[in-house]
Amino acid sequence: MPPSAAGFSLTQSVALVWRTLRSMRTALILLLLLALAAVTGSLIPQWPNSPERVLQYQAGHGLWGAFLQRAGAFDVFGSWWFVLITVLLFVSLVACLVPRTRATWRAVRQRPIQAREIDAFRHYRTIAVAAGPPEAVEASRRVLVRHLYRVARAEGTGDPTALAAEKGAAREVGSLLFHWAFILLLFGVIFGKGTGFSGYAVVTEGHTWVDARANYDGQIRTGRFFGGDFTGVGIHLRSFESDFRDTGQPMDFVSHVDLLDPQGNLIRSQDIRVNHPAKIDGLNIYQTAFGWAGVLEVRDGDQVLTRQDLVLSREPAPTGVPAFAMPWHGVLKVTSVRPQMAIEVELYPDSRALAQQLQTQQPVPMLVAYDPVISYKVWRGRLTDPSPTSLDTTFMKKTAEGVVGGGLTADLRTGKQLDPGRAAGGLTMSFPDLRHYSVLQVTRDRGVPIVLAAAILILLGLLPALYTSRRKVWVRAEAHGEGSVLQVGGFALQRKPQFEAEFDKLVEAIERAIDDGGSTTRVSDGSDREKVGSR
Amino acid sequence: MTDLQWARISQDLFNVAIFSYLAAMVGYFAYLAFQRDLLWKLARAAAGLGLAANLVSILTRGLAAHRVPWGNMYEYSALLACLVVGGYLIVVEGIYKVRSLGGFVMAFAILTMAIASQFFYVTPGPLVPALNSYWIKIHVQAAIWGSSLFALGGIVTILYLIQDRRERKQVDALRSQEPPPIMGASLNLDAPHDLVDDAGAPMSAATTGRKRLPSAATLDTLAYRLIAFAFPIWTFAVIAGAIWAQEAWSRYWGWDPKETWSFITWVIFAGYLHARATAGWRGRKSAWIALVGFVSLLITYYAVNLWIVGLHSYKGF
Ligand code: HEM
């Protein structure tokens, strides 16, 4: 390639960039940059993990917060610069892997190279043996092969009785496997996240939830290449159980479900609990949360206006208050009456705990359903907020409030609870039952097996890459009287101190193997030569 | 015996362990100062006693809680101290015959345990559901083994940097002497010992005789061995954690602070391994990277649970 006179040509610049990317120093710096970027991600609150804390942080940091927002610091792991570092790292990885792989491929296939001067190596011994040179070298070859060396005999006329041996290719091969596996890992992550999704299903006891976009609670998170294919699989929640310690710490929660195919036929029954997701049709279904759904029936005389299993949500607890000490909230909207009606509901699932709470003025967790009580407010007027969970009372007026116990009925005009068994006219609300609902996270990530395979390859490659060592050994025999003199030289690329003993053992083994044919005398015990300053 | 009694025994033994380590630390430092074999023997006996107490304390804690005794920070810390001391006695003193690092290792173990009993103590009890998994046992074991070896590597690295400085000063002092020393004797002065690396370091107690601390080259190699030993274990721990997260939280990776920091630690030590294979980064530069890795390990271990909220900071304390 003729060097262009006017500065860098395009090919030269590309070559320079490529050379830079190929260097280990670049990889090292990129690795440290990656670590640094991850540090930012752990010190500044992250949008995907805790959006509330991001808002809080932004509120408290004015200009600085705005700057961080602009820089993508609230979503470091999705920011352009994190992606850039990762991409550069992987380009650099490929750039250095390709030539390394080619070189290794050649080295592995190439026969070990003969040495010209064996006595120049760091480890060197000569032994006199009774066998002739060809036999001695053949015996050495067998010993070396037994010690897992690859052995090549010298060819041609010059030196028929010499051999070269080496071992430890696993080090380089393992290192390559380890590095290539990261490419597989990246592919698995991108493929899985790209084609996958994640959303929440809320199912009340006795109900069936079907996997379709509209049935997810709130937004679903989809990958960039998500095809919109939902399975139509059904989850029927037969029952739900929760178990707490005395301290209010949750111990176990289980959804007993029937999994149904899109036609509604039972595929199998299963328990879903924390750490034990259900897997069906590529979907993973996880137990994430649970709560209470009040079965509520609103009547006008004999006419049922609505009957719902109203899903209630727990108020966030202030700090220091156990989460389960808080009441559960919901709103029941009745649009078929004039004026329209909304009933705000507050559930206390355990009236014993509630009584204790009122008595002691201390928060007491309500963990089980025991004589549940609902306190309610009735609003009449115009319903303007279409959301099923929130209520806008701008155009409404509160007409009554009261409490109703489980299994009982309240008169919505007066707010009075009716005696059991008494027939009621007018608007009433009864509270026949309290059920659990279960919040299940439904996800699909087809990349998981690929990522797992990559992780296993990473480990498999790492072990030989770190713990095996390359060694080279040369042997040459020359006729000497009846027998021959054997020169053995050795050289270690890693774990050099250990090689000293290894080499001694190897020479002894060679001696012994040749000895099987005749007697041996040691000519020189040639103590290992130290070559100061050499590597 | 009742759970309560087991818990008491566990706690008492925990204290016995701390005090034994304290005695061992004093003994080891005295050995460093006076180079009397007897001191070293006493120190080693105290360390052994502490290790036994530590181990039995962990076992009885398991009996009291009816589960594997590594479910919260207090228990991780006890196990970490136990493995660091055990690893030191077996690997450093047993295999590499380096005796002079004991005081520093004991100091680390004492600090770990003292912080645990001061800030993390909880009465033994069952685990929260997310922790109640087959994978936690594997993940936590691997993480603690990896941490303890990294921690040993970190301690040795600090000593390497100290010793390296001292040796460089000696070299400078020799250089400034007039007339220069005989050529033969000065042969090694110009060869930075990081180039000697694997090649020269004789791993024997003999080198520790006069100089108190092992030579910088010995420490450097020892630190490398410990970190290279820890790295795959840590890698495995991160993978096991990801498998567990996939089962418990529906994703194998979510950049939760603990995940993020174990990743950072991993990347830094990967950088260390690369640095050792990169010309110009060997020796002191890579030692500094290892030191940063050690700090990152401590942050992963402590700061995330104490100050940064996330899925991993269980209210176990
Ligand atoms: C330009 C990119 C890269 C180059 C040139 C490179 C080169 C190397 C080389 C030559 C070794 C062997 C070192 C030795 O023999 O001691 C090595 C080891 C290692 N590499 Fe890389 N690497 C690159 C990227 C990466 C990346 C992206 C990672 C991790 C995400 C990584 C992780 C490791 C680890 C952990 C080792 C230690 C195992 C060993 O010592 O063989 N490398 N790398």
Using a simple spin-label model with points 7 Å from Cα along the Cα→Cβ vector, what separation in nm is obtained for A:Leu266 and A:Lys279?
2.4
Keeping all protein chains in the complex and leaving out DNA, RNA and ligands, what accessible area do you get for B:Lys97 with a 1.4 Å probe, in Å² to the nearest 10?
110
Compute and list, largest first, the equivalent-ellipsoid semi-axes of the protein assembly as shown from the alpha carbon gyration tensor, each √(5λ) rounded to a whole angstrom.
67, 33, 26
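Can you pull the percent of the protein assembly as shown's accessible area that's carbon plus sulfur, 1.4 Å probe, other chains left in place? Display every interim value, and only then the final one.
Numbers: 24890 of 40840 Å².
Carbon and sulfur atoms account for 61 percent of the accessible area of the protein assembly as shown.
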Helix axis angle, A:448-467 relative to chain A longest principal axis, alpha carbon, degrees:
30
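Could you give the dipole magnitude of the protein assembly as shown about its Cα centre, charging the beta-carbon of Lys and Arg +1 and that of Asp and Glu -1, in debye to the nearest 20? Write down the numbers at each step before the final one.
On the way: 83 positive and 67 negative charges, 427 e Å.
The dipole magnitude comes to about 2060 debye.
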Quick check on the protein assembly as shown: helices-only [θ] at 222 nm, where DSSP H runs of length 4 and up contribute -39,500 (n - 2.57) each and the sum goes over total residues. Nearest 500, please.
-15500 deg cm²/dmol
Where A:His329, A:His480, A:His179, A:His123 fall by accessible area, highest first, once all protein chains stay in place (1.4 Å)
A:His480, A:His329, A:His179, A:His123
Farthest toward positive dipole pole in the protein assembly as shown [+1 Lys/Arg, -1 Asp/Glu at C-beta], among A:Ala454, A:Val203, B:Ser176:
B:Ser176
Under the 7 Å Cα-to-Cβ spin-label approximation, A:Arg352 and A:Leu460 lie apart by a distance in nanometres of 5.7
Lys/Arg +1, Asp/Glu -1 at C-beta; region A:89-223 dipole; positive extreme among A:Val137, A:Pro112, A:Thr222:
A:Val137
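Full extension from A:Arg116 to A:Phe225: what is 0.36 nm times the residue separation minus their Cα-Cα distance, to one decimal in nm? Each step should come with its number before you reach the end.
Numbers: separation 109, 0.36 × 109 = 39.24 nm, distance 6.05 nm.
Between A:Arg116 and A:Phe225, full extension yields 33.2 nm more.
Report the FRET efficiency, 1/(1 + (r/R0)^6), for A:Asp392 and A:Gln361, where r is their Cβ-Cβ distance and R0 is 30 Å, rounded to 0.05. Don't skip to the answer; put the middle values down first.
Details: r = 33 Å, r/R0 = 1.10.
About 0.35, to the nearest 0.05.
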Summing +1 per Lys or Arg and -1 per Asp or Glu among the other residues with Cβ less than 9 Å from A:Lys472's Cβ gives +2
Say a paramagnetic label sat at a point 7 Å from the Cα of A:Trp18, along Cα to Cβ; which residues of region A:92-111 have their backbone N under 11 Å from it?
A:95, A:99
Restricting to lysines 8 or more places apart or on different chains, can you count the pairs in chain A with Cα atoms under 19 Å from each other?
17
Which residues in region A:138-153 place their backbone N less than 20 Å from a point set 7 Å from the Cα of A:Ala479 along the Cα-to-Cβ direction?
A:138-140
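If you put +1 on each Lys and Arg Cβ and -1 on each Asp and Glu Cβ, how big is the dipole of region A:118-238 around its Cα centre, in Debye rounded to 20? Walk me through the numbers on the way to the answer.
Numbers: 14 positive and 11 negative charges, 38 e Å.
I would put it at about 180 debye.
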Taking amide hydrogens as modeled 1.01 Å from N in the peptide plane, which residues meet the under 5 Å criterion relative to A:Leu434, leaving out close sequence neighbours?
A:Val295
State the Cα centre-to-centre distance between region A:386-454 and region B:40-117 in whole Å.
54
In the neighborhood of A:Asp371, defined by Cβ-to-Cβ distances under 10 Å, what is the net charge if each Lys or Arg adds +1 and each Asp or Glu adds -1?
0
Could you give log10 I(q)/I(0) at q = 0.21 Å⁻¹ for region A:236-385, computed by the Debye formula over C-alpha point scatterers of equal weight, without solvent?
-1.23
Can you tell me, using C-alpha contacts under 8 Å and at least 6 residues apart, the relative contact order of chain A as a whole percent?
21
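Over the protein assembly as shown, with the other protein chains present, what is the accessible area per residue in square angstrom, probe 1.4 angstrom?
Numbers: 40840 Å² over 852 residues.
Per-residue accessible area for the protein assembly as shown comes out at 48 Å².
Hey, with R₀ at 56 Å, roughly what FRET efficiency would A:Glu241 and A:Thr11 work out to, going by the Cβ-Cβ distance, to 0.05? Can you show the working numbers first?
Values: r = 69 Å, r/R0 = 1.24.
That pair, A:Glu241 with A:Thr11, gives E of 0.20.
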Just to be sure I understand the model, the point goes 7 Å from the Cα along the line to the Cβ. What's the resulting B:Leu59 to B:Gln5 distance in nm?
1.7
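Report the FRET efficiency, 1/(1 + (r/R0)^6), for A:Glu315 and B:Ile90, where r is their Cβ-Cβ distance and R0 is 45 Å, rounded to 0.05.
On the way: r = 54 Å, r/R0 = 1.21.
Given R0 = 45 Å and the Cβ-Cβ separation, E is 0.25.
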Residues along region B:210-252 losing 40 Å² or more of accessible surface when the other protein chains are present rather than the chain by itself (probe 1.4 Å)
B:Arg225, B:Pro232, B:Ile239, B:Gln246, B:Glu247, B:Ser250, B:Tyr252
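The values are calculated or read from the model by the stated rules, or taken from the named source; none is laboratory data. Predicted model, so just to flag it, every value in this text is computed and none were measured. Counting neighbours? That spans all protein chains shown, and the Cβs are built from the backbone with ideal geometry, glycine included. Calculation scope for accessible area: heavy atoms of the full protein, side chains included, ligands and nucleic acids excluded. Shrake-Rupley method; radii C 1.70, N 1.55, O 1.52, S 1.80 Å.
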